[in-house]
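The values are calculated or read from the model by the stated rules, or taken from the named source; none is laboratory data. As the structure is a computational prediction, the values presented were derived from the model and not from experiment. Here the Cβ positions follow ideal geometry from the backbone for every residue, glycine too, while neighbour counts run over all protein chains shown.
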Amino acid sequence: MSYVDGYVLAVPKKKLAAYRVMARQGEKAWRKHGVLDYKECSGDDLKPKWGVPFTRMMKCRPGETVVFSFIVYKSRAHRDRVNAKVMKDMEKMPMPKDVPFDMKRMVYGGFKTLVGD
(Lines give C-alpha, C1' and ligand atoms only; values in the text may rest on other atoms or scores of the structure.)
Protein backbone atom coordinates (compact mmCIF):
# COMPACT_ATOMS: atom_id res chain seq x y z
CA MET A 1 0.00 0.00 0.00
CA SER A 2 1.45 3.38 -0.98
CA TYR A 3 2.04 6.22 1.45
CA VAL A 4 1.60 9.96 0.83
CA ASP A 5 3.09 13.07 2.41
CA GLY A 6 0.79 16.02 1.83
CA TYR A 7 1.11 19.68 2.58
CA VAL A 8 -0.73 22.93 2.02
CA LEU A 9 0.80 26.42 2.01
CA ALA A 10 -0.36 30.00 1.60
CA VAL A 11 1.98 31.64 -0.93
CA PRO A 12 1.97 35.27 -2.06
CA LYS A 13 1.09 35.30 -5.77
CA LYS A 14 4.02 37.62 -6.46
CA LYS A 15 6.34 34.92 -5.03
CA LEU A 16 4.95 31.97 -7.01
CA ALA A 17 7.84 32.08 -9.51
CA ALA A 18 10.36 31.87 -6.64
CA TYR A 19 8.31 29.08 -5.08
CA ARG A 20 8.32 27.18 -8.38
CA VAL A 21 12.14 27.33 -8.50
CA MET A 22 12.30 25.93 -4.97
CA ALA A 23 9.66 23.28 -5.80
CA ARG A 24 11.61 22.09 -8.85
CA GLN A 25 14.70 21.67 -6.68
CA GLY A 26 12.59 19.70 -4.22
CA GLU A 27 11.22 17.51 -6.98
CA LYS A 28 14.75 16.69 -8.18
CA ALA A 29 15.84 15.80 -4.65
CA TRP A 30 12.87 13.53 -3.90
CA ARG A 31 12.84 11.86 -7.33
CA LYS A 32 16.59 11.21 -7.04
CA HIS A 33 15.81 8.99 -4.07
CA GLY A 34 12.96 7.06 -5.68
CA VAL A 35 9.57 8.59 -4.92
CA LEU A 36 6.71 7.32 -7.06
CA ASP A 37 5.20 10.76 -7.70
CA TYR A 38 5.76 14.39 -6.73
CA LYS A 39 3.24 17.17 -7.36
CA GLU A 40 3.16 20.87 -6.46
CA CYS A 41 -0.13 22.54 -7.44
CA SER A 42 -1.17 26.20 -7.23
CA GLY A 43 -4.74 27.24 -6.53
CA ASP A 44 -7.01 27.78 -9.51
CA ASP A 45 -10.63 27.11 -8.55
CA LEU A 46 -10.70 28.14 -4.89
CA LYS A 47 -14.32 29.27 -4.53
CA PRO A 48 -16.20 25.99 -4.13
CA LYS A 49 -19.98 25.86 -4.02
CA TRP A 50 -19.84 23.55 -0.98
CA GLY A 51 -17.37 22.75 1.78
CA VAL A 52 -14.77 25.05 3.29
CA PRO A 53 -12.48 26.81 0.81
CA PHE A 54 -8.75 26.21 1.16
CA THR A 55 -8.30 29.98 1.23
CA ARG A 56 -10.37 30.23 4.41
CA MET A 57 -8.66 27.26 6.08
CA MET A 58 -5.24 28.75 5.29
CA LYS A 59 -6.38 32.23 6.32
CA CYS A 60 -5.11 33.61 3.02
CA ARG A 61 -4.41 37.30 2.96
CA PRO A 62 -5.12 39.49 -0.07
CA GLY A 63 -2.65 38.63 -2.82
CA GLU A 64 -2.05 35.05 -1.60
CA THR A 65 -2.99 31.74 -3.15
CA VAL A 66 -2.89 28.17 -1.91
CA VAL A 67 -0.30 25.57 -2.91
CA PHE A 68 -1.38 21.96 -2.45
CA SER A 69 1.40 19.39 -2.75
CA PHE A 70 1.93 15.69 -2.32
CA ILE A 71 4.68 13.10 -2.60
CA VAL A 72 3.88 9.41 -3.13
CA TYR A 73 6.04 6.60 -1.73
CA LYS A 74 5.92 2.79 -1.85
CA SER A 75 5.26 2.61 1.91
CA ARG A 76 5.81 4.53 5.12
CA ALA A 77 9.18 2.78 5.56
CA HIS A 78 10.14 3.88 2.04
CA ARG A 79 9.06 7.44 2.92
CA ASP A 80 11.19 7.43 6.05
CA ARG A 81 14.27 6.22 4.11
CA VAL A 82 13.77 8.70 1.26
CA ASN A 83 13.16 11.66 3.58
CA ALA A 84 16.30 10.82 5.60
CA LYS A 85 18.35 10.87 2.38
CA VAL A 86 16.74 14.10 1.16
CA MET A 87 17.36 15.83 4.50
CA LYS A 88 21.00 14.71 4.40
CA ASP A 89 21.34 16.15 0.88
CA MET A 90 19.69 19.40 1.98
CA GLU A 91 22.20 19.84 4.81
CA LYS A 92 24.85 20.31 2.11
CA MET A 93 22.84 22.98 0.27
CA PRO A 94 22.66 26.64 1.29
CA MET A 95 19.25 27.67 2.62
CA PRO A 96 17.54 30.39 0.61
CA LYS A 97 17.58 33.75 2.37
CA ASP A 98 13.99 34.55 1.44
CA VAL A 99 11.71 31.50 1.62
CA PRO A 100 8.66 32.46 -0.50
CA PHE A 101 6.07 31.42 2.10
CA ASP A 102 5.47 31.52 5.85
CA MET A 103 6.66 28.20 7.33
CA LYS A 104 4.48 28.76 10.41
CA ARG A 105 1.38 28.48 8.22
CA MET A 106 2.41 25.23 6.53
CA VAL A 107 0.03 22.30 7.08
CA TYR A 108 1.70 18.88 6.72
CA GLY A 109 1.06 15.21 7.36
CA GLY A 110 1.73 11.64 6.30
CA PHE A 111 -1.19 9.55 5.03
CA LYS A 112 -1.96 5.87 4.51
CA THR A 113 -3.62 5.23 1.15
CA LEU A 114 -7.25 4.17 1.50
CA VAL A 115 -8.23 3.98 -2.18
CA GLY A 116 -6.14 3.93 -5.36
CA ASP A 117 -2.69 2.46 -5.19
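On inspection, residue 34 fails the criterion of being under 15 Å from residue 79 (Cα atoms) and modelled with pLDDT under 95.
Being of a type outside the set (Lys, Arg), out of contact with any Phe, Trp or Tyr (no Cβ under 7 Å at 6 or more places or on another chain) and surrounded by 14 or more Cβ atoms within 10 Å (Cβ to Cβ) is the filter here; which residues of the stretch 79-88 pass it?
Once the filter is applied, which keeps residues that are of a type outside the set (Lys, Arg), out of contact with any Phe, Trp or Tyr (no Cβ under 7 Å at 6 or more places or on another chain) and surrounded by 14 or more Cβ atoms within 10 Å (Cβ to Cβ), the stretch 79-88 yields only 83.
Quick one: which residue in 59, 39, 47 is free of Cβ contacts under 8 Å to residues at least 40 places away in the same chain and part of a loop (DSSP other than H, G, I, E, B)? Please lay out each step first, then the result.
Values: 59 fails: free of Cβ contacts under 8 Å to residues at least 40 places away in the same chain; 39 fails: part of a loop (DSSP other than H, G, I, E, B).
Only one candidate qualifies: 47.
For residue 16, the conditions (1) surrounded by 15 or more Cβ atoms within 10 Å (Cβ to Cβ); (2) in contact (Cβ under 8 Å) with a residue 60 or more places away in the chain; (3) in contact with a Lys or Arg (Cβ under 7 Å, 6 or more places away or on another chain) all hold with the exception of (3).
Taking the stated definitions as given, is residue 52 in a loop (DSSP other than H, G, I, E, B), crowded, with 17+ Cβ neighbours inside 10 Å and of a type in the set (Val, Ile, Thr)? Before you say what the answer is, go through the steps one by one.
Details: in a loop (DSSP other than H, G, I, E, B): yes; crowded, with 17+ Cβ neighbours inside 10 Å: no; of a type in the set (Val, Ile, Thr): yes.
The answer is no for residue 52.
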